[in-house]
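> Encoded as structure tokens, here's the structure I'll be asking about.
The values are calculated or read from the model by the stated rules, or taken from the named source; none is laboratory data. Because the structure is a prediction, the values reported are computed rather than measured. Cβ coordinates were reconstructed from backbone atoms using ideal geometry, including for glycine residues, and neighbour counts include every protein chain displayed. Areas reflect the complete protein model, heavy atoms only, side chains present, ligands, DNA and RNA absent. Shrake-Rupley method; radii C 1.70, N 1.55, O 1.52, S 1.80 Å.
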Amino acid sequence: MTIVQLFEILWTLSALLLIVLVLLHSPKGDGLGGIGGQAQLFTSTKSAETTLNRVTWTLSILFVSLTVVLSAGWLG
């Protein structure tokens, strides 16, 4: 197994986990629902939601970084 294959496996796993984490986020009621006054103005931030946000941001940065490294061909 080469380093490129290892990075490709990490890239694929980060993409799949990122998809799952985005689907786990709770809907905020924004968008077109906010026009009719259905959006909640004050919501409490839960620790689970905060942790989910942090993990999602971390995985998205990892995914983008691996995409740049793999597409630039810096690994050989």
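> Listed highest first by mean packing, meaning other Cβ atoms within 10 Å per residue, what order do 14-21, 69-76 come in?
14-21, 69-76
> Heads up, I need the accessible area for THR51: 1.4 angstrom probe, whole protein in place, Å², nearest 10.
Rounded to the nearest 10, the figure is 80 Å².
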